[in-house]
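Just below is one structure, and these are the notes that go with it.
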Amino acid sequence: MKTILVPTEQTSAMESALNCALLLAEKFGGRVEGFALRPAVAEMVAMDPDAGMTMVAVKENDADMVRQAEELFRAFMERRNVPQQSGEAAPSPATAASAVTRAWNADAPSGHDFVGSYGRVFDIIVLARPGEEWQSPSMVTLESALFESGRPVLIAPPASPRSLATNIMIAWNRSTEQARATAFAMPLLKRAERVTILTVEGATVAGPSGEELARSLAAHGIAAATMTLPSSKANAGETILRKAAELGCDLIVKGAYTQSRLRQMIFGGTTRHILTNANLPVLMAH
């Protein structure tokens with residue numbers, strides 16, 4: 001996980017997202033690249049046939065958002081003494097393992113769809129945790145990353161974590177989505193001090209058990225404990241978050257949207273609960 005993309009915007013949650021990206025980069029000697037995330041210019045234009053002056057104002061507002069995002073990104077990285085990547089040349093083998101660098105994409109277009117398309121050439125995308133409103137811009141950004149990039153997404157909690165991926169919980173529900181998220185997390189699982197595979201009864205699909213996953217991870221040198229919790233009146237997402245807190249986990253690995261998005265919007269679901277309530281980093285993939 002050496003190439004890390006952080007869509008950047010002027011929000012209170014951005015500090016945590018940048019902190020998570022940096023914690024990740026420090027594990028692998030990675031490069032953190034930011035760009036200004038903002039609505040497409042067309043989305044901001046007033047519904048007015050006579051919109052000449054409005055378009056000028058919109059473009060000025062767009063330029064202002066770009067400037068604020070870049071200043072936020074640069075200020076954070078400078079406080080942490082993260083150097084700007086110089087040129088396009090790859091770092092030498094002697095420094096590649098430990099050097100953390102930053103880069104800024106000044107040519108990124110407006111619009112949330114860019115996250116999904118540009119994210120395809122990165123190892124992981126880091127985003128702030130979205131709010132509860134499922135039609136919010138933050139949720140649109142997250143879904144673009146999950147469904148269009150083909151890459152894992154690390155969702156940062158509201159408050160900056162002190163550690164990342166030293167004590168990992170795999171929220172194993174036996175699904176294809178969870179298998180994919182676990183595969184993406186392998187570089188982190190290999191470096192973790194503790195790995196727990198948690199299965200919540202009644203919140204699974206047909207597939208291999210947690211014990212079978214543990215045997216597979218053992219072949220990679222990963223010692224994982226297994227745990228199964230009985231079903232209860234609580235949402236499975238609530239059960240997962242409660243147990244993660246009890247175990248002191250600093251990362252949950254979770255497949256996203258085993259149920260359809262529409263069903264989760266109407267009836268709720270594990271993904272929805274974790275997205276709106278997690279107070280620790282969550283690595284998701286679909």
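Just so it is clear, none of the values below were taken in a lab; they were calculated from the coordinates. Computed from a predicted structure; not experimentally measured. As a convention, Cβ positions derive from the backbone with ideal geometry for all residues, glycine included, and neighbour counts pool all protein chains shown.
Observations
- For V253, residues with placed amide H under 5 Å, excluding near neighbours: M169, I170, A171, L283
- Here region 167-285 yields Rg over Rh of 0.93, to two decimals, using C-alpha coordinates and the Kirkwood radius.
- The HN-Hα couplings worked out from phi for region 153-170 by the Karplus form 6.51 cos²θ - 1.76 cosθ + 1.60 (θ = phi - 60°) are 10, 9, 9, 7, x, x, 9, 4, x, 7, 9, 8, 6, 8, 9, 9, 10, 9 Hz, whole numbers, x standing for Gly and Pro.
- Label positions at A75 and S231, each projected 7 Å from the Cα along the C-beta direction, are separated by 5.0 nm.
- Sorted by Cβ neighbour density within 10 Å, fewest at the top, the residues K233, K190: K233, K190
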